[in-house]
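Everything below concerns the one structure shown next.
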Amino acid sequence: MHKIVITSFFAILLFSQTFAQSNSSSPYSRFGIGIIEPFTFGRGEGMGGTGTALSSPFEINTKNPASYSVFKYPENSVFELMYEGVKKPNGRPFVFQVGTRGIRTDMFEGELSTSKYNTNLVSLSGKFQLQNYWAMSFGLQPVSSIGYKVSTTDTVTSDDYSSILKTNYSGEGGLNSLFWGNSFYYKGLSVGVNASYVFGPIAYTRTTVLQDGDYAAISNDLRRINVSDFAIRTGIQYTNDTIFGNFGFTLGGYFSNKTELNALQTRFFTRSVLQGGRALTDTLLNDTLSSSPVNMPSEVGVGLALHSKKLTFTADYTISDFSDVLIAGVQTEQLTKSGRFSAGLEYVPDARSKSFLKTVNYRLGAHTEKTAYLFEGNQLNDIGISLGFGIPVTKSLTFINLALEAGKFGTPTEHQIYENYYKVHLYFNTGAIWFQKRKFN
């Protein structure tokens with residue numbers, strides 16, 4: 001067991017730099033702490049991004065930390081049949097999860113269009129059962145992502161003088177979470193908490209070029225913000241397996257309070273003049289500014305799941321409050337409260353069948369969201385659908401989850417950027433049994 005935990009811990013440290021890479025190409029990531037990354041898992045990705053009321057014995061659902069302690073096989077669920085060959089193991093289960101995601105984003109503004117591609121790790125985590133009522137989880141996952149490049153061109157005129165002013169805005173980086181979670185289970189009720197160390201660099205660059213013949217004035221303003229602090233996320237789930245006959249249900253909820261993170265801001269500002277083949281550059285500012293707070297928004301989610309041995313239906317509703325979020329001590333007026341509704345179905349034809357296609361978990365989901373982003377006083381919408389497949393490896397604790405997602409962000413107008421996105425989610429989960437008791441004849 002110790003070897004597994006130590007190996008998992010060093011794997012998380014090894015891949016921490018991979019998580020630090022931006023997983024966004026959206027110009028809207030310039031606001032606040034960037035595009036918020038949803039805390040979900042392979043099963044939930046195929047069901048519209050749900051997860052508040054979902055729990056799986058051999059998957060890690062970080063959306064709701066109360067789910068960690070559910071190693072029990074619900075009587076009215078597919079898991080009772082799916083893991084029949086390894087049910088009630090003589091020992092305590094350990095689960096390791098790796099999740100990746102690829103995104104294609106098509107961006108449109110009027111008649112202009114461009115496409116961007118990103119691929120990143122989104123989950124690297126483990127969980128293990130300490131007691132029948134207590135489970136622990138740990139891992140690394142992204143919190144937010146910033147990655148954009150925007151250019152504007154203006155004409156500067158004064159009397160009979162005219163020149164071109166071009167401004168380039170860019171940003172990269174994002175926040176990551178190194179978390180440690182605990183969950184406790186008693187008679188259908190489970191509660192959990194994640195304690196996270198949130199860290200990451202954010203860099204904003206603004207470059208202006210004033211061009212007039214062979215004369216050019218260039219200014220470059222680079223701001224770096226390094227975030228490092230702690231945050232808490234709590235969750236609860238209640239499951240009743242028999243109240244509806246062949247169906248059981250789970251109610252779930254989670255809460256993350258608004259968190260003020262410590263951040264250190266540095267600024268590097270230069271100005272260059274090019275004329276007649278000569279260049280002169282001055283450094284106007286190169287300093288570490290006073291520490292300024294960076295805020296993570298508060299978030300609350302509720303969910304319901306109905307499950308039988310073939311069918312699961314689940315629905316979530318989440319509210320996030322970005323209205324008073326600060327970035328380096330400055331409030332962003334383009335952000336407000338958001339609300340998201342998501343729902344999903346899962347169907348397993350026959351978990352006991354020897355036919356591969358009948359044991360696959362088929363999933364379908366959708367979501368609609370009034371996002372936190374404001375444009376000309378209107379909130380931008382995000383709608384999408386997903387299709388997923390859960391592939392169990394026969395008589396083992398290994399599971400492969402594949403989900404395909406397509407959606408639209410924003411509204412097509414002449415002066416507004418909107419996006420069509422296509423995502424591929426791939427999660428690999430594998431389990432092991434440790435502290436096994438040996439039996440002798």
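At a glance:
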{"quantity": "Residue match in the range 124-135 (condition: outside any strand (DSSP E or B) and either in contact (Cβ under 8 Å) with a residue 12 or more places away in the chain or over 17 Å from the mean Cα position of the chain (by Cα) (or both))", "calculated": "yes"}
{"quantity": "Residue in the range 130-142 that is farthest from VAL424 (Cα to Cα), counting only those that are in contact with a helix residue (DSSP H, G or I) (Cβ under 8 Å, 6 or more places away or on another chain) and either modelled with pLDDT under 90 or aromatic (Phe, Trp, Tyr) (or both)", "calculated": "TYR133"}
{"quantity": "Sole exception among (1) on the phi > 0 side of the Ramachandran plot; (2) touching a Lys or Arg at 6+ places or on another chain (Cβ under 8 Å) for GLY276, by number", "calculated": "(2)"}
{"quantity": "Neighbours by Cβ (under 9 Å, 6+ apart or cross-chain): first from the range 163-186, over 30 Å from TYR254 (Cα atoms) and in contact (Cβ under 8 Å) with a residue 24 or more places away in the chain; second of a type in the set (Gly, Ala, Ser) and in a strand (DSSP E or B)", "calculated": "LYS166/SER151; THR167/SER151; ASN168/SER151; TYR169/SER151; SER170/GLY147; SER170/ALA203; GLY171/GLY147; GLY171/ALA203"}
{"quantity": "Near pairs, Cβ below 7 angstrom, 6+ apart or cross-chain, from the range 407-430 (on the phi > 0 side of the Ramachandran plot) to any residue that is surrounded by 18 or more Cβ atoms within 10 Å (Cβ to Cβ) and among the charged types (D, E, K, R)", "calculated": "GLY410/GLU419"}
{"quantity": "Subset of the range 85-116 [more than 17 Å from the chain's Cα centre (by Cα), closer than 20 Å to LEU404 by Cα and at pLDDT 90 or above]", "calculated": "ASP106"}
{"quantity": "Segments classed as helices (runs of 4 or more DSSP H), wholly inside the range 2-65, with at least 2 members that are more than 14 Å from the chain's Cα centre (by Cα), at pLDDT 95 or above and surrounded by 19 or more Cβ atoms within 10 Å (Cβ to Cβ)", "calculated": "none"}
{"quantity": "Criterion (in contact (Cβ under 8 Å) with a residue 24 or more places away in the chain and farther than 20 Å from LEU175 by Cβ) met by exactly one of SER338, SER308, SER292, SER320", "calculated": "SER308"}
{"quantity": "Test result for THR371, surrounded by 15 or more Cβ atoms within 10 Å (Cβ to Cβ), touching a residue at least 24 places away in the same chain (Cβ under 8 Å), on the phi < 0 side of the Ramachandran plot and under 26 Å from the mean Cα position of the chain (by Cα)", "calculated": "yes"}
{"quantity": "Strands (runs of 3 or more DSSP E) completely within the range 271-339 that count 1 or more residues being of a type in the set (Phe, Trp, Tyr), surrounded by fewer than 18 Cβ atoms within 10 Å (Cβ to Cβ) and modelled with pLDDT of 75 or more", "calculated": "311-321"}
{"quantity": "Close pairs from the range 356-368: first modelled with pLDDT under 90, partner of a type in the set (Gly, Ala, Ser) and buried (at least 17 other Cβ atoms within 10 Å of the Cβ), Cβ under 6 Å, at least 6 apart", "calculated": "THR359/ALA351"}
{"quantity": "Matching residues, the range 377-395, being out of contact with any strand residue (DSSP E or B) (no Cβ under 8 Å at 6 or more places or on another chain) and not in a strand (DSSP E or B)", "calculated": "GLY377, THR394, LYS395"}
{"quantity": "In the range 407-441, residue modelled with the highest pLDDT [restricted to those that are among the polar types (S, T, N, Q), touching a Phe, Trp or Tyr at 6+ places or on another chain (Cβ under 7 Å) and part of a strand (DSSP E or B)]", "calculated": "ASN429"}
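The rows are residues; the columns are (1) surrounded by 17 or more Cβ atoms within 10 Å (Cβ to Cβ); (2) of a type in the set (A, V, I, L, M, F, W, C).
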| position | (1), (2) |
| --- | --- |
| LEU124 | yes, yes |
| PHE128 | yes, yes |
| GLN131 | no, no |
| SER137 | yes, no |
| VAL150 | no, yes |
| SER162 | no, no |
| LYS166 | no, no |
| TYR185 | yes, no |
| ASP214 | no, no |
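Residue-wise test of (1) under 29 Å from the mean Cα position of the chain (by Cα); (2) crowded, with 16+ Cβ neighbours inside 10 Å; (3) within 30 Å of THR281 (Cα to Cα).
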residue: LEU222; (1), (2), (3): yes, yes, yes
residue: ASN226; (1), (2), (3): yes, yes, yes
residue: PHE230; (1), (2), (3): yes, no, no
residue: GLY245; (1), (2), (3): no, no, no
residue: GLY253; (1), (2), (3): yes, yes, no
residue: SER256; (1), (2), (3): yes, yes, no
residue: GLU260; (1), (2), (3): yes, no, no
residue: ALA263; (1), (2), (3): yes, yes, yes
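The values are calculated or read from the model by the stated rules, or taken from the named source; none is laboratory data. Please read all numbers here as calculations on a predicted model, not as lab measurements. Using ideal geometry, Cβ is built from the backbone for each residue, glycine included, and neighbour counts are taken over all protein chains shown.
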